[in-house]
Amino acid sequence: MVGTGRETDAWAVERPGPMATRPLRLVRKAVPDPGPGELLIEVDVCGVCRTDLHLAEGDLAPRAPGRTPGHEAVGRVVAVGPRPVGRSGAPGPGIGDRVGVAWLAGTCGVCRYCRAGHENLCPESRYTGWDRDGGFARCLTADARYVYPLPPDGRDDAETAPLLCAGIIGYRALQRAELPPGGRLGLYGFGASAHLTAQLALARGATVHVLTRAEQARRLALELGVASAGDAYDAPPEPLDAAILFAPVGDLVPVALAALDRGGTLAVAGIHLTDIPVLNYADHLFQERTLRSVTANTREDGRAYLEEVAGLPLKVHSVSYGFADADRALADLAADRVTGVAVLDLRV
Ligand SMILES: [Zn+2]
Ligand SMILES: [Zn+2]
């Protein structure tokens, strides 16, 4: 622990910038002590998300120097902090339990958003890998109330880690897109989140059209059973009831809106988007088409998603990197060289 001077390996964002400038450094950090209500978790696998890339490259302003990214961590509880004074309720995970640490790391619990069930909009919300050190490290601490218990379910850790952000955010985006039962869904961009969301939508009976520039991603989409896969700027073969924009490309907003049927909804899933060009009211919004954003997720989203996919035979197309190659994983993600999901496997 800190007092004993124990140290651990962690990746840190030293100077945010393009991946070519090597913004990440592998450093030694003190093993954190779990504070009241916190858990110390040894990381087995951590997924690599596009948000980690935004943090490394500085698209999201750093909230502390030397922050460790990573918010799809699957690991085991190795220490439990003291019970906070006055906190009631069921005890959280205990030593030895398998758990997941995701993006939402904390909220105030008392503001109007928190009280109304919209904790994802809490102005005091904190995030793993941005406000707290994340899972690109051998261990991390997390607030036990924001950690997902992951009882063994036969799914490997490398297939479970990507569910914690790519999966949960895709789930929320699909809810926000208000896809009617059996409806026609367009997915713009086909990375980690989209390939999981496609499988969720297909399991719910949707017809899915994928629109993305990457040839390999189109092939993966067709393998997973989508109805069509074309270029991002092509029109889908039929009008869409709902669409989700996963690519962080504002230019695609009018393209996707124009592909919607009357009354359709476009949800923008990303935390970062390049500028949206001027919209034309008649072409893009009239006839009650709706444009909406997706902001993080609530813990309820996470619980509901993990429960829904527990019995689904998800094909998680993952590319595994050793812990020492976290910067290479992010560089590959930046250069669109990852088809599916990149994960850091700390077990090897
Ligand atoms: Zn709040
Ligand atoms: Zn993420």
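Among the numbered conditions (1) within 24 Å of Ala203 (Cα to Cα); (2) in contact with a helix residue (DSSP H, G or I) (Cβ under 7 Å, 6 or more places away or on another chain); (3) open to solvent by 40 Å² or more (accessible area, probe 1.4 Å); (4) at pLDDT 95 or above, the only one that His317 does not meet is (4). Of everything in segment 99-117 that is surrounded by 19 or more Cβ atoms within 10 Å (Cβ to Cβ) and of a type in the set (Val, Ile, Thr), the residue that is farthest from ligand 1 (Cβ to nearest atom) is Val99.
When the residues of segment 326-343 are narrowed to those that are open to solvent by 10 Å² or more (accessible area, probe 1.4 Å) and small (Gly, Ala, Ser), which ends up modelled with the highest pLDDT? Once the filter is applied, the top-ranked residue is Ala331. Among the residues examined, Arg15 does not qualify as in a strand (DSSP E or B) and open to solvent by 50 Å² or more (accessible area, probe 1.4 Å). Selection of segment 167-205 for residues being within 10 Å of the chain's Cα centre (by Cα) and under 23 Å from Val255 (Cβ atoms) yields Ile169, Gly170, Ala192, Ser193. Residues of segment 312-329 that are under 25 Å from Gln199 (Cβ atoms) and touching a residue at least 12 places away in the same chain (Cβ under 8 Å): Leu312, Leu314, Lys315, Val316, His317, Ser318, Val319, Ser320, Tyr321, Ala329. Filter segment 118-137 down to the residues that are more than 15 Å from the chain's Cα centre (by Cα) and hydrophobic (A, V, I, L, M, F, W, C), then identify the one that is surrounded by the most Cβ atoms within 10 Å (Cβ to Cβ). Filtering first and then ranking leaves Ala137. Of the residues making up segment 279-311, those that are over 16 Å from Gly170 (Cβ atoms) and free of Cβ contacts under 8 Å to residues at least 24 places away in the same chain number 4. In segment 248-258, the qualifying residues are those that are in a loop (DSSP other than H, G, I, E, B) and touching a Leu at 6+ places or on another chain (Cβ under 9 Å), and the one that is surrounded by the fewest Cβ atoms within 10 Å (Cβ to Cβ) is Gly250.
Considering every residue within segment 103-120, establish whether at least one is within 16 Å of ligand 2 (Cβ to nearest atom), closer than 28 Å to Ala166 by Cβ and assigned to a helix (DSSP H, G or I). Taking every residue of segment 103-120 in turn, at least one turns out to be within 16 Å of ligand 2 (Cβ to nearest atom), closer than 28 Å to Ala166 by Cβ and assigned to a helix (DSSP H, G or I).
Whenever a residue of segment 116-128 is under 13 Å from Asp143 (Cβ atoms), it has no partner that is of a type in the set (D, E, K, R) and within 8 Å of ligand 1 (Cβ to nearest atom) lying with C-beta atoms less than 6 angstrom away and at least six residues away or across chains. If you check Val77, Val45 for being within 16 Å of ligand 2 (Cβ to nearest atom) and out of contact with any Phe, Trp or Tyr (no Cβ under 8 Å at 6 or more places or on another chain), only one passes: Val45. With respect to the conditions (1) without any contact (Cβ under 8 Å) to a residue 60 or more places away in the chain; (2) open to solvent by 10 Å² or more (accessible area, probe 1.4 Å), Ala201 lacks only one, and its number is (2).
So that you can scan it fast, the table gives a plain yes or no per residue for (1) open to solvent by 50 Å² or more (accessible area, probe 1.4 Å); (2) more than 24 Å from Thr339 (Cβ to Cβ); (3) among the β-branched types (Val, Ile, Thr):
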position	(1), (2), (3)
Gly230	no, no, no
Arg262	yes, yes, no
Asn280	yes, yes, no
Leu285	yes, yes, no
Thr298	no, yes, yes
Ala310	yes, yes, no
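When segment 189-244 is filtered for residues that are β-branched (Val, Ile, Thr) and more than 15 Å from Leu266 (Cα to Cα), the ones remaining, listed by number, are Thr207, Thr212, Val226. Is it true that Asp261 is of a type in the set (D, E, K, R) and assigned to a strand (DSSP E or B)? For Asp261, the condition - of a type in the set (D, E, K, R) and assigned to a strand (DSSP E or B) - is met.
The values are calculated or read from the model by the stated rules, or taken from the named source; none is laboratory data. The shown structure was predicted, so the numbers you read here are calculated from the model rather than taken from an experiment. Using ideal geometry, Cβ is built from the backbone for each residue, glycine included, and neighbour counts are taken over all protein chains shown. Please note that ligands, DNA and RNA were not included when accessible areas were found on the heavy atoms of the full protein model with its side chains. Shrake-Rupley method; radii C 1.70, N 1.55, O 1.52, S 1.80 Å.
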